[in-house]
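Visitor: Quick one: the structure is below, and I'll ask about it shortly.
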Amino acid sequence: MKTRVLPISSGSIQEACHILRQGDLVAFPTETVYGLGALGLLPSAVQKIFEAKGRPSTDPLILHLPSADLAQARATGVITDPIPPNSQLLAKTFWPGPLTLILPRGPKVPHEVTAGLETVAIRCPSHLGAQQLLSAIDAPLAAPSANRFGRISPTDASAVLQELDGKIPLILDGGPCLNGIESTVVSLSQNQPTILRPGVITAQAISQLLGLECKISCRTQLQDTPTTSPGMLASHYAPLSPLYCCHQPIKTFLPEFQHILFHSPQESKPDHAHVLSPNQHPEEAAQNLYRLLRIADAQSPQAILIDPIPHSDLAPALQDRIFRASTGSAIWQGDSWTFQGRDKT
Ligand code: AMP
Ligand code: MG
């Protein structure tokens, strides 16, 4: 199959709708990462997502909705009662945007989407291209990240092509993604917010809005608690080269490694060192993380080393992605790094 890459225009949106209505796949930009879209209420189309990605069917998908109105999601059978009141406030405040809500599954949602669960993950993206596509198709799109399973999520159209060339008919190119990491996933069982996957919408922002403590519950944060979100694997988003999280900021650049620094160093840096946030903003680091992991990985180094992530409200999201992409950690001991593997189960 020939994979075409087309910039977003009314013509390419129409073409994307035509492909989607035939039950095929289209990759499209969102503010988080590029999604691999299919008609979310059509089981045979959803099935194709799992095949193209090599994703296990036990890993549920997120439905992307044309409307930020939960009442409409209920009226169209995407979600059902009881709808927790706090989800209304979260949707009103953060949609369209990078927040996914876990809500009771409506009768129209196939089991393929939810991996058999009685809850469904939904969000309304803010990217203009995603909004144009969703309003043109006027139906929910199931859309996980447009990468092969377990690989780094794509944050621009060329990365999608690298991942899925020949496997899908069309990639809509809407430029680089603003957020650069996947959405925050929030569960609201008993109306209490729990973050199952940290993202750009932080626990602090949710707590402040709802006036309730918002816990982060995933394996990378609470090592001993079992994950409450299927698909939140301890290993994910990984480059092909081993990635090590450094205990200390990287000061020495050894030729056999690629280096990802948080800030620009005082002195000049070599070409095999890349900076996550030249302006020292965690949002900028998130935006650059997957792009730089891809660049470093393309050099096939012995290993990729990454700086510790400084404390901020966004640090849990960055640490989560880096931890799950990693093989282990590295400690600088005088004149060399000592590597330590980690449990990946
Ligand atoms: P993505 O791979 O970015 O499409 O994100 C999908 C992720 O959302 C899954 O891997 C789960 O971690 C989470 N998710 C989706 N549906 C549910 C659900 N019903 N309950 C809990 N987590 C879910
Ligand atoms: Mg993914």
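Visitor: Please go through segment 106-148 and give me each residue that is in contact with a Pro (Cβ under 7 Å, 6 or more places away or on another chain) and in a loop (DSSP other than H, G, I, E, B), ordered by number.
Guide: Pro110, Ala115, Leu117, Glu118, Cys124, Pro125, Ser126, His127, Asp138, Ala146, Asn147
Visitor: Applying the selection to segment 142-171, what residues are closer than 14 Å to Lys2 by Cα and away from ligand 2 (no atom under 13 Å from the Cβ)?
Guide: Leu161, Gln162, Asp165, Gly166, Lys167, Ile168, Pro169, Leu170, Ile171
Visitor: I would also like to ask the following. Are any residues in segment 58-79 assigned to a loop (DSSP other than H, G, I, E, B) and either of a type in the set (Val, Ile, Thr) or at negative phi (or both), and if so, which ones?
Guide: Matches in segment 58-79: Thr58, Asp59, Pro60, Leu61, Leu65, Pro66, Ser67, Ala68, Asp69, Thr76, Val78.
Visitor: With the checklist (1) among the small types (Gly, Ala, Ser); (2) open to solvent by 30 Å² or more (accessible area, probe 1.4 Å); (3) assigned to a loop (DSSP other than H, G, I, E, B) in hand, flag the one item Ser158 doesn't pass.
Guide: Condition (3) is where Ser158 drops out.
Visitor: Name the one entry in Asp156, Asp165 that is touching a Cys at 6+ places or on another chain (Cβ under 8 Å), over 27 Å from Leu103 (Cα atoms) and at pLDDT 95 or above.
Guide: Numbers: Asp165 fails: touching a Cys at 6+ places or on another chain (Cβ under 8 Å).
Going through Asp156, Asp165 in turn, the sole match is Asp156.
Visitor: Mind checking which residues of segment 307-325 are open to solvent by 50 Å² or more (accessible area, probe 1.4 Å) and in contact with a strand residue (DSSP E or B) (Cβ under 8 Å, 6 or more places away or on another chain)?
Guide: Residue satisfying the conditions is Phe323 alone.
Visitor: A further question follows. Which residues, taken from segment 176-209, are in contact with a strand residue (DSSP E or B) (Cβ under 9 Å, 6 or more places away or on another chain), away from ligand 1 (no atom under 16 Å from the Cβ) and either over 21 Å from Pro98 (Cβ atoms) or part of a loop (DSSP other than H, G, I, E, B) (or both)?
Guide: Thr202 - this is the single residue of segment 176-209 that is in contact with a strand residue (DSSP E or B) (Cβ under 9 Å, 6 or more places away or on another chain), away from ligand 1 (no atom under 16 Å from the Cβ) and either over 21 Å from Pro98 (Cβ atoms) or part of a loop (DSSP other than H, G, I, E, B) (or both).
Visitor: Give me a count of the residues in segment 1-57 that are more than 17 Å from Ala143 (Cβ to Cβ), in a helix (DSSP H, G or I) and of a type in the set (Lys, Arg).
Guide: Looking only at that region, the number is 0.
Visitor: Could you grab me the full set of residues in segment 43-68 that are over 23 Å from Arg197 (Cβ atoms) and in contact with a Lys or Arg (Cβ under 9 Å, 6 or more places away or on another chain)?
Guide: Correct list: Glu51 only.
Visitor: Oh, and also: Got at least one residue in segment 163-170 being in a helix (DSSP H, G or I) and crowded, with 18+ Cβ neighbours inside 10 Å? Please lay out each step first, then the result.
Guide: Pass one, segment 163-170, residues in a helix (DSSP H, G or I): 163-164.
Right, trim to crowded, with 18+ Cβ neighbours inside 10 Å and you get 163-164.
Scanning segment 163-170, I find at least one residue that is in a helix (DSSP H, G or I) and crowded, with 18+ Cβ neighbours inside 10 Å, so the answer is yes.
Visitor: Is one or more of the residues making up segment 331-338 of a type outside the set (Phe, Trp, Tyr), part of a strand (DSSP E or B) and either free of Cβ contacts under 8 Å to residues at least 40 places away in the same chain or open to solvent by less than 10 Å² (accessible area, probe 1.4 Å) (or both)? Break it down stepwise before answering.
Guide: Our first condition is that a residue be of a type outside the set (Phe, Trp, Tyr); within segment 331-338, this holds for 331, 333-336, 338.
Narrowing further to those that are part of a strand (DSSP E or B): 331, 338.
Adding the requirement that they be either free of Cβ contacts under 8 Å to residues at least 40 places away in the same chain or open to solvent by less than 10 Å² (accessible area, probe 1.4 Å) (or both) leaves 338.
Checking segment 331-338: at least one residue is of a type outside the set (Phe, Trp, Tyr), part of a strand (DSSP E or B) and either free of Cβ contacts under 8 Å to residues at least 40 places away in the same chain or open to solvent by less than 10 Å² (accessible area, probe 1.4 Å) (or both).
Visitor: Tell me, which residue of segment 11-37 that is touching a residue at least 12 places away in the same chain (Cβ under 8 Å) and more than 14 Å from Ile171 (Cβ to Cβ) is most open to solvent (accessible area, probe 1.4 Å)?
Guide: Within segment 11-37, the first condition is being touching a residue at least 12 places away in the same chain (Cβ under 8 Å), and the residues that meet it are 12-17, 19-21, 23-37.
Subsequent filtering for residues that are more than 14 Å from Ile171 (Cβ to Cβ) retains 14, 17, 21, 23, 31-32.
On the way: Gln14: 109, Cys17: 1, Arg21: 138, Gly23: 5, Glu31: 7, Thr32: 8 Å².
So, considering only residues that are touching a residue at least 12 places away in the same chain (Cβ under 8 Å) and more than 14 Å from Ile171 (Cβ to Cβ), the one most open to solvent (accessible area, probe 1.4 Å) is Arg21.
Visitor: When only residues in segment 117-167 that are of a type in the set (A, V, I, L, M) and more than 16 Å from ligand 1 (Cβ to nearest atom) count, which is farthest from Phe28 (Cα to Cα)?
Guide: The initial filter retains those residues of segment 117-167 that are of a type in the set (A, V, I, L, M), namely 117, 120-122, 128, 130, 133-134, 136-137, 139, 141-143, 146, 152, 157, 159-161, 164.
Checking the rest, the ones that are also more than 16 Å from ligand 1 (Cβ to nearest atom) come to 128, 133, 136-137, 139, 157, 161.
Details: Leu128: 11, Leu133: 8, Ala136: 13, Ile137: 13, Ala139: 15, Ala157: 8, Leu161: 12 Å.
If we take residues in segment 117-167 being of a type in the set (A, V, I, L, M) and more than 16 Å from ligand 1 (Cβ to nearest atom), then Ala139 is farthest from Phe28 (Cα to Cα).
Visitor: Go through the residues of segment 285-306 one by one and say whether even a single one is open to solvent by 10 Å² or more (accessible area, probe 1.4 Å), more than 27 Å from Ala146 (Cβ to Cβ) and at pLDDT 95 or above.
Guide: yes
Visitor: Regarding Pro7, is this residue loosely packed, with under 14 Cβ neighbours inside 10 Å and modelled with pLDDT of 95 or more?
Guide: Working: loosely packed, with under 14 Cβ neighbours inside 10 Å: yes; modelled with pLDDT of 95 or more: yes.
Answer is yes for this residue.
Visitor: Could you tell me which of the residues Pro230, Pro239 is in a loop (DSSP other than H, G, I, E, B), more than 16 Å from ligand 1 (Cβ to nearest atom), surrounded by 15 or more Cβ atoms within 10 Å (Cβ to Cβ) and modelled with pLDDT under 95? Steps first, answer last, please.
Guide: Values: Pro230 fails: more than 16 Å from ligand 1 (Cβ to nearest atom).
Result of the check over Pro230, Pro239: Pro239.
Visitor: Ok, one more. So which pairs qualify, if the first residue must be in segment 75-95 and surrounded by 13 or more Cβ atoms within 10 Å (Cβ to Cβ), the second must be of a type in the set (Phe, Trp, Tyr), the Cβ gap must be under 6 Å, and the two must be at least 6 apart or on different chains?
Guide: none
Visitor: Filter segment 96-130 down to the residues that are buried (at least 17 other Cβ atoms within 10 Å of the Cβ) and under 16 Å from Asn179 (Cα atoms) and list them by number.
Guide: Residues satisfying the conditions are Pro96, Gly97, Pro98, Leu99, Thr100, Arg123, Cys124, Pro125, Ser126, His127, Gly129, Ala130.
The values are calculated or read from the model by the stated rules, or taken from the named source; none is laboratory data. These figures come from a predicted structure and were not determined experimentally. Reconstructed Cβ throughout: ideal geometry from the backbone, glycine too, with neighbour counts over all protein chains shown. For the accessible areas, the whole protein counts, side chains as well, though only heavy atoms, and no ligand, DNA or RNA atoms are used. Shrake-Rupley method; radii C 1.70, N 1.55, O 1.52, S 1.80 Å.
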